[in-house]
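Inspection log for the structure reproduced underneath, given as structure tokens.
The values are calculated or read from the model by the stated rules, or taken from the named source; none is laboratory data. Since this is a predicted model, take the numbers as computed values, not measurements. Here the Cβ positions follow ideal geometry from the backbone for every residue, glycine too, while neighbour counts run over all protein chains shown.
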Amino acid sequence: MAAEGHDHARIYQAGRDLHVGHAPVARSGYRYQVERLAPTVLRDRDAELAELAAFCTAADGPPYAWWRAGPWAGKSALLSWFALHPPPGVRLVPFFVTARFAGSSDRGAFLDVLSVQLAELLGEPAPTGLPEAVREGALLDQLDRAAARCAERGGRLVLLVDGLDEDRGVRAGPDAHSIAALLPARPAHGMRVLVAGRPNPPIPGDVPDRHPLRDPAAIRELAASPHAEAVRHDANRELRRLLDGTDLQRDLLGLLTAAVGGLGGADLAELTGADQWEVEEHLHTVSGRTFLTQASRWRPEDGPQVYVLGHEELQQSARHYLGPVRLAGYRERLHGWAEGYRRRGWPEKTPEYLLRGWFRLLRATGDVDRMVACGTDAARHDRMLDLSGGDVTALEEIAVAHEALLTRDEPDLVAMARLAVHRDRMTDRNRRIPEHLPGVWAALGQVERADALLRSILAPPRRAMALGHVMTALAARGSIDRAEQLARDIADGSQLDEILLGLASAAAERGGLVHAERIVGSMSNPGADAWRRLARATLVAGDLTGGRRLAGRALRAASDLPYAGSRAHQGATLVPLLLHCGYWAAGERVAERLDAEARVATDRAQRGEVVIALAEALAKLGAGSYTRDRLPAVVDRAVASAPSWRLPALAGTLAGGGWYELAERVVAASQTPRDQVRVLARMVEAAPVWSDAAAERIDRMRMLTDTLRAGEDRSAALRDVADAVAAHGDEFRALNLARLLSQPSERIDLWCRLGQSLQRAGQSRRAYLAAAAAIRLLPLVDDAGQRRAAGRGMLRLLVACGRPEEATTLASAVEESDERADALALVAAELARAGDPVTAGTLARQAEAAYAAAAGGDGGRSAVVAGVVGLAAGESVDRSLAVVELAPSTEDRAWALVGLARWCAATGGPELADTLARRARQAAGQIRDRRDRGLPLTVLLPPPPAPPPAVNWDPYPTARSVHDPDAGPLLRRLEEDPAPPGLVDQAEAVTRAVSDPDDRDQALAVLTGLLGRAGEMDRAERLAAQIEDRRIRAEALTALTRAATERGATDRAQRLAGSIDEGHSIDEEYHGTWALTALAETLAQAGAPDRAEAVIRSISADERGDAVGRLAEALARHGHPGRAEQLARSIPERHRQAKALTAVAGWAPPAQARRLLAAALHLGGWTISSEVLARVEPAAGLAVADEYFALTGASWWREALAAQPGPDTSGTAVG
């Protein structure tokens, strides 16, 4: 196993690798902040905009440009406008250094804002929680990958930073670092860097001498705009007028300055006690130079506008004139305002500022306690979800609060744990978001809500499905540009190309051919299929000229394909399009080219593909002499060389073209009754009208089906017969055929599909009867997955039949909350498509409530253990045991007793630990589900710091696995008594003579292990090399590695372990990694940590994570906690690092343990560290239980604590 280099790069990629399955895809929302900076109209800057565009799009040239000018020259106006209107193909990532908005004026803000924007571009979660030492490297890695991504798509990444002179980090002290020093010295993949600022202060001292910023050639002096200078004078005059004005005017200025973010007219009226009209009248009398108005971030269509100061200089002047005391008073007024809404449970009309901007103020002022209160307020989180549609902002707030707590010398584990419980609750509910729900909100016009939900879906396959629904909804509304922007933000690779092609087709069907061609041209690899589909959409729009041009382009692209099978398939699919365009000669040329390729193809499979394509192309060319002369022979060639699964489609094409006699040849060539049914079904479905011949074919299908035995083939054949019957209008007969299907789920599926056909044919009554029959059958479906699929079909049919109330009732009756959410979202999607937005919106909100209610319910076991251990460690075992007895389920009691037993074993109470273990076994034995009984007992092992367990080696192979009547008994004798060498020689001879290969290999593995334990390592290695089965050989080499380790031959052990996965099979890799890990643990136990780490580094990087964690625990257990921490923190995957840090914390001194647990809570789920957390910090264990059971609505925990006298913990949980 060769070690992989560049481990530090993998650590820098933590933002990409670590969050999978734990956090939603990043969504920065920074564009909205840029919109707040940009002018409504940019005047007299056309030349500058052209120069900026040229810099960003030039094929070569310098990578840096530094635009300089004094204050009020219009720099920010120019660059914010440019950031919102970049040239085509340029992906601009901006950061504006400004104190007007909280958290926007130092290196930390730059890292945070840029990393989220880049993660959004890359389709990754935001990289929160990285150690300070690697944050810069992580950002540079993101920039490099984002630039590469843009270049791959034919575009360019441009980093824009405005206001370098306003960087507060430069003046923060000798240990501070500037934003300028973080800018890449050698931008890769064509990236450009555009910066702006004043000439003074000069470039910070931490910028290297050879950095491009220090190149005078990069400087471009910007002339001041006369419009900006006029704005400056007017704005300063208005600012002084406000400062010298009435109390209300000063209050308005003071509140907007202190808030560092947007407040609406109603917000300011509530804060000042004035009428809203009076507030707005005062603000409107002040020109837009002093105050800017911006749309609501979460409700841009109908939300109230908010006000912010119009320039950074005004913000600074206002702060200066108001003074720190008065500003502190205004901040307290804002805090009191927020507290009032908190006491009321954040009601529906809560101002948006309190759910977004206020937290930024808390962050800017370092108010960590209030930040924690926000992060642990479930009611606030639910209101944010209700208003925004997602949990992204709330999760970001928790990450920020965690990071703020981590900077303290003594971490607050209670606060860290509470935040982690709330974070995981939201993460869990994001896993349950119905795939249809974002599409519903998009169909209803709430695109921001759809976007927020979409980015919160964690699993890539489900997010891809949801994105598809959103794209369909936006395309139906004609919002092609918004759909394209969203797709480019979220999708990637082939999925992005497929979405873009769909959007281009939608644009073309609406007559926007230029727009459509631009979209297709921006795809990573637009081929023949893309141009063909776009040509078809153009013809649908009635543009024959455009359709012909694109058809020609598709034909040229198909001819350029390298693989003959692909050329053939694309050529055949192009024939109908060419004929529609009137290009008969081109269609014939396609057929001739296919014929030529088929004759020279040497590969049988490739030849079959080409001949099938040729037959289909000829069948589509019509009944002229050209086809009549060629098609029969080609069909014969096709059935002789093509795979059977291709024949039904060929038969359908032939029947569709009227070539029934030739299609019958395909039927005759089909080898099995099931294949014949398939072919006949396609023939019947392709026939344009009902005929006696079609009826005869259906009868043949029915007779062929009767020859099949009950099972999957018979069911599939019956479905084919029913579909064929329904295709020609006899749905009633098809419904009766469905009764012959053996599985209820299959009958329901067929009834629902036939019901949809009946509904489209205008037979609503029969369609509804099909739905009613399906509903009656649903309780008979046992499999949960099949039941969900059947339910979805019924819901769609009921809505199609005009029975939305019944569909809603059926969906609402689903028992499981997350399944009910899926069902409600599906009905909402169907209703939105059917034109009932009011009911669709109501059901969408019910779906949101249903999936939110299901969240967070999987941590009860860990919460019980954390609570009772925390209670025992912090107060008394007696009170803890009394609470255990009040647990509502046997399983809860068993797990609680397991936790207490492990805590007693760790703290030196062996007698009590034994007693509790016996009680835990008794309780586990009473669990009803036998599958769950053994789980508590598997963890009844001594936890740290109990006596060190033996190294976790795989067991030696045993003779019980050898079934040969001669070798088996002989090997068992050797296991019982390693007898004289003669018996070993006899055993080897007998083993080699075993006839069964697998049994011989197993016998050799057993003998290898016996020889290794006896010290005959060379002979054992020779035997192991003769084992043919890779898995068994890996087991034998693992046994030899163990034997060598136990005999102190660590060099040989490492060589043996490293040789295990040379074949690169999964089994070998597993055994090799396991053996090397066990060897490393043994070396750590023997006092050789350097060698132990060297062994771990020899494991491939992809397999190293768990091994590093195990070694870190071993090092801590054997007296190296500092080194163990360093090793644990090197693990790039968040979840694995959290596990390793928790394991090390179990053996570390108290102060280090608390610090490690704080990091683990930030990186991974709270259930990973809850048990160790409760032992190290009992109050944190209680806090976990309090918070968890309060969130899940389980009242028994509170009632149990109240029933047992003890300290009051009622203030621990919030929400």
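At a glance:
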item	result
Test result for ALA266, modelled with pLDDT of 90 or more, farther than 23 Å from GLY323 by Cα and either touching a Cys at 6+ places or on another chain (Cβ under 9 Å) or in a helix (DSSP H, G or I) (or both)	yes
All positions within segment 479-512 that are among the polar types (S, T, N, Q) and touching a Leu at 6+ places or on another chain (Cβ under 8 Å)	GLN495, SER505
Qualifying positions in segment 397-414 - within 19 Å of GLN1152 (Cβ to Cβ) and assigned to a helix (DSSP H, G or I)	HIS402, LEU405, LEU406, LEU413, VAL414
Qualifying residue in segment 711-718 (condition: modelled with pLDDT of 75 or more, in a helix (DSSP H, G or I), in contact with a helix residue (DSSP H, G or I) (Cβ under 6 Å, 6 or more places away or on another chain) and closer than 21 Å to GLN763 by Cα)	no
The listed residue being of a type in the set (A, V, I, L, M) and in contact with an Asp or Glu (Cβ under 6 Å, 6 or more places away or on another chain), out of ALA1179, ALA1151, ALA1143, ALA1138	ALA1143
Residues (out of contact with any Leu (no Cβ under 6 Å at 6 or more places or on another chain), surrounded by fewer than 21 Cβ atoms within 10 Å (Cβ to Cβ), over 20 Å from GLN1054 (Cα atoms) and not small (Gly, Ala, Ser)) located in segment 985-1025	ASP985, GLN986, GLU988, ARG992, ASP996, PRO997, ASP998, ASP999
Listing of helices (runs of 4 or more DSSP H) fully contained in segment 523-622 that carry 3 or more residues being farther than 26 Å from ALA655 by Cβ	528-540, 544-559, 584-600
Selection within segment 1090-1132 - within 24 Å of the chain's Cα centre (by Cα), closer than 26 Å to ARG1154 by Cβ and either assigned to a helix (DSSP H, G or I) or modelled with pLDDT of 85 or more (or both)	GLY1105, ASP1106, ARG1129, SER1130, ILE1131
Matching residues, segment 39-54, being crowded, with 19+ Cβ neighbours inside 10 Å and small (Gly, Ala, Ser)	none
Single residue of segment 52-77 satisfying the filter (touching a residue at least 24 places away in the same chain (Cβ under 8 Å) and in a helix (DSSP H, G or I)) that is farthest from ASP165 (Cα to Cα)	THR57
Any hit, segment 676-684, residues being in contact (Cβ under 8 Å) with a residue 24 or more places away in the chain, among the charged types (D, E, K, R) and surrounded by 20 or more Cβ atoms within 10 Å (Cβ to Cβ)	yes
Any hit, segment 376-399, residues being free of Cβ contacts under 8 Å to residues at least 60 places away in the same chain and in contact with an Asp or Glu (Cβ under 6 Å, 6 or more places away or on another chain)	no
Per-region count, segment 185-206, residues outside any strand (DSSP E or B), at pLDDT 85 or above and crowded, with 16+ Cβ neighbours inside 10 Å	4
Positions within segment 556-573 being surrounded by 24 or more Cβ atoms within 10 Å (Cβ to Cβ) and at pLDDT 80 or above, in sequence order	ALA558
Residues located in segment 670-707, provided they are assigned to a loop (DSSP other than H, G, I, E, B), of a type outside the set (A, V, I, L, M) and under 49 Å from the mean Cα position of the chain (by Cα)	SER670, GLN671, THR672, PRO688, THR707
Residue match in segment 692-715 (condition: more than 23 Å from GLU609 (Cα to Cα) and touching a residue at least 40 places away in the same chain (Cβ under 8 Å))	no
Any hit, segment 690-708, residues being over 30 Å from LEU780 (Cβ atoms), among the hydroxyl-bearing types (Ser, Thr, Tyr) and modelled with pLDDT under 80	yes
From GLY547, GLY527, GLY512, residue being closer than 25 Å to ALA596 by Cα and surrounded by 16 or more Cβ atoms within 10 Å (Cβ to Cβ)	GLY527
Cross-chain or 6+ apart pairs with Cβ under 9 Å, segment 997-1012 first and closer than 13 Å to LEU970 by Cα, then of a type in the set (D, E, K, R) and buried (at least 24 other Cβ atoms within 10 Å of the Cβ)	LEU1004/ARG1033
Within segment 1077-1089, tally of residues that are assigned to a helix (DSSP H, G or I), free of Cβ contacts under 8 Å to residues at least 60 places away in the same chain and surrounded by fewer than 23 Cβ atoms within 10 Å (Cβ to Cβ)	1
ASP481 vs. criteria closer than 21 Å to PRO125 by Cα, outside the structural domain of ALA148 (by TED's automatic domain parsing) and not aromatic (Phe, Trp, Tyr)	no
Those residues of segment 717-736 which are touching a residue at least 24 places away in the same chain (Cβ under 8 Å) and surrounded by fewer than 18 Cβ atoms within 10 Å (Cβ to Cβ), in sequence order	GLY729, PHE732
Positions within segment 655-671 being touching a residue at least 24 places away in the same chain (Cβ under 8 Å) and either within 22 Å of ALA716 (Cβ to Cβ) or charged (D, E, K, R) (or both), in sequence order	ALA655, ARG665, VAL666, ALA669, SER670, GLN671
Out of ALA829, ALA811, ALA823, ALA847, sole residue that is within 15 Å of HIS436 (Cα to Cα), surrounded by 24 or more Cβ atoms within 10 Å (Cβ to Cβ), in contact with a Pro (Cβ under 8 Å, 6 or more places away or on another chain) and of a type in the set (A, V, I, L, M, F, W, C)	ALA847
Cβ pairs under 7 Å, 6+ apart, first in segment 1148-1167 and farther than 13 Å from ALA1124 by Cβ, second assigned to a loop (DSSP other than H, G, I, E, B) and among the acidic types (Asp, Glu)	ARG1154/GLU1177
